[in-house]
Structures are given as C-alpha cells and as structure tokens.
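Student: I have a structure I would like to understand better, so I am pasting it below and will then ask my questions one at a time.
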Amino acid sequence: MTSMNYVPKKKRNDVVFPIVNTIILILLMFVTLYPVLNTVAYSFNDGTDALRGGIGLWPRVWSLKSYTSILQDKAVYQAAWISASKTVIITVLNLFWTSMLAFTLSRKEYVLRRFITTVMVLTMYVNAGLIPNYLLISKTLRLSKTYWVYIVPTMFSCFNMIVLRTYISSLPEALVESARIDGAGDIRIFWQIIFPLCKPVLATVALFVAVGSWNSWFDTHLYLGGQKNLHSLQYLLKMKLATTQASANAAKTSADALKSTTQTTPVTIRCAITVISTVPILVVYPFLQRYFVTGMVLGSVKG
C-alpha cells in the first residue's frame, strides 16, 4: 500500500533545485556587490579614520571631503566633457564603420572577403608595438596635440568586426534574397534589414567600446600630456591621485601637511575617483541591457 505522504523524486527535485539555485545566486550577488559597496563606503568616510581600516558596507565617520577636493577643481568638468564627447563619437563611428565592413565581409558573393578577413585577423596577432604606433600617429598623421588623436585611431576594431560579421552570417539568407527580389540594393538591405536585427550584438559592442574609451587615459598621457584643455577625465583623476599620494608622503615628515590632509587620504581619494568614474557607465548600462537578448530573428522567416 502506497503511503499518502510519498512525494515522487521528480517533484522533490523540482522544489529543491530552485531553492539551491536561489541561495547560490544570492551568495554570488553578495560576493559581487561587496567590493563595490565597500568602495563607496570608503569614499564617503573621513580620510584619517579610513586609515584604521575595518570599514564594511557603511561609512564609520561620514565626510564629503574626498568628493569636494576632486569636484572643486574646474578642470574636472572640462575633462569630463572631453571624455564624454570622445566616448560618444568613438562609439558611434566605431559601430558605423565596423558594422558596414562586417556586412560586406559576410557576403558570400564578395570574392575578396576571405583574403581581407585573414589580413585583418593577422593584425590582431602581429602588433607593430608602441613606438611604430606613436610615430604613425604623431609624425605621419600629425594627430598629436589635437582632439582627433582620440577619434581617428579608434574608429575601427578588428575584433568587433569579427563579432559583428559572425552574427550577421548567422542571420537567415532568405531575408537578403527576398529583399533583392524586391529590388533593394546593398545599402538599403543593410540599413533597413540587417542593422535593426543586429541590435543585441551592436549594444554589446557599443558597451565594450564605450567602456574602453571612457576608461582610457594612456592616450592622453602619450599624445596630450601638455594640452591641459584636452585632458581626459581618467587622466586628470590619475594625476589627482598622484598629487594626493605625494602630499600624503610629505605629511609623514611635516606636522602642517599632516594637519591639512586629515580629512583626505590616498585611500579615500582613490575610492572617490573610482565611484566618479563608474557612475556614467552605470547610468548608460540599463539602456543597453534590454538589447542583450538573442533570438531577435525568431519569427522573421516563416516556414
């Protein structure tokens, strides 16, 4: 006689798995969020108190001195404008040129597509190095000390092109063939059919390009170190951190310097810089997240 309390094994697994999965995801979320929240807590904490350590998810002694010392510099706002403008321009141009070339190289009727793809992939493995790149950009193209040094070298990415080409190649060929039957040319096919279907991969590539451009500082250091009006935000904040570190080192041997730096230290300044640099990306990400979905083509071709 079968017991009334017997629960089939399959049903037990259906109950246990969601519980275990939820617990693991909660733990993973905590492990991921803790460093971020800890950085925010340090950034809002008093500098001298932060040196004691032991700060968790909440500031022990509240202070806005770290943010004030950074944001009171008018050069920060000019640098923020430079970083924001170049990030937008680079992202738009990179997507435009890269996606158009990716579409061209995805066409099987283009006889040179394999050769061009091979040559471009080789550039990913064989890099000339820093000195030839510097000579090309500064001496040959004469882009150093100009705003265009941010834009021109980053208008195209071979890796992004490969990603886009692979995605476009996976789209149903019937879409292109039906458009050609209706008399559409390559440009119209790309803009009205292929480009809208590429929104998921375009959003992903756009995020990669935007984050890379926003976080870039070495190009400023290499080509625009003496042009203060063209400094990027990341470069300026890096210099700010270096200045704070130098002041902290001097404070060890000077009572007056120690007194003047009681509310800011390299630790809190570094955390405040991290928060300031991260906020714009956190604001943009939700708008791109909804495109991180596959299967945009499902239902576009009816069998």
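Student: Please quote Rg/Rh for the stretch 67-294 to two decimal places, taking the Kirkwood radius as Rh and restricting both calculations to Cα atoms.
Tutor: Working: Rg = 22.5 Å, Rh = 20.5 Å.
Expressed as Rg/Rh, it is 1.09.
Student: Oh, and also: If I stretch the segment between residue 115 and residue 73 completely, what's the gain in nm (0.36 nm per residue apart, minus their alpha carbon distance), one decimal?
Tutor: 10.0 nm
Student: Also, quick follow-up: Hey, if you drop one equal point scatterer on each alpha-carbon of the stretch 50-131 and run the Debye formula without solvent, what base-10 log of I(q)/I(0) do you get at q = 0.22 Å⁻¹?
Tutor: -1.10
Student: What residues qualify as long-range amide H neighbours of residue 45, i.e. H under 5 Å apart, gap of 5 or more or another chain, H built at 1.01 Å from N?
Tutor: Amide H neighbours of residue 45, under 5 Å, 5+ apart: 63.
Student: If you don't mind, there's one more thing I want to ask. Pop out the ³J(HN,Hα) list for the stretch 132-149 in order, Karplus 6.51 cos²θ - 1.76 cosθ + 1.60 with θ = phi - 60°, rounded to Hz; leave Gly and Pro as x.
Tutor: x, 5, 5, 5, 5, 6, 8, 9, 6, 7, 6, 9, 5, 6, 10, 5, 5, 5
Student: Give, in nm to one decimal, the length gained when the segment between residue 170 and residue 124 is fully stretched (0.36 nm per residue of separation minus the Cα-Cα distance).
Tutor: Computed gain between residue 170 and residue 124 is 14.3 nm.
Student: Tabulate in residue order the Karplus-calculated ³J(HN,Hα) for the stretch 42-58, using 6.51 cos²θ - 1.76 cosθ + 1.60 with θ = phi - 60°, rounded to whole Hz; enter x for Gly and Pro.
Tutor: 4, 5, 9, 9, 4, x, 5, 5, 5, 5, 6, x, x, 7, x, 9, 9
Quick note: the coordinates plus some simple rules give every number you see, no bench work behind them. Only a predicted model underlies this, so the values are computations on that prediction, with no experimental measurement involved.
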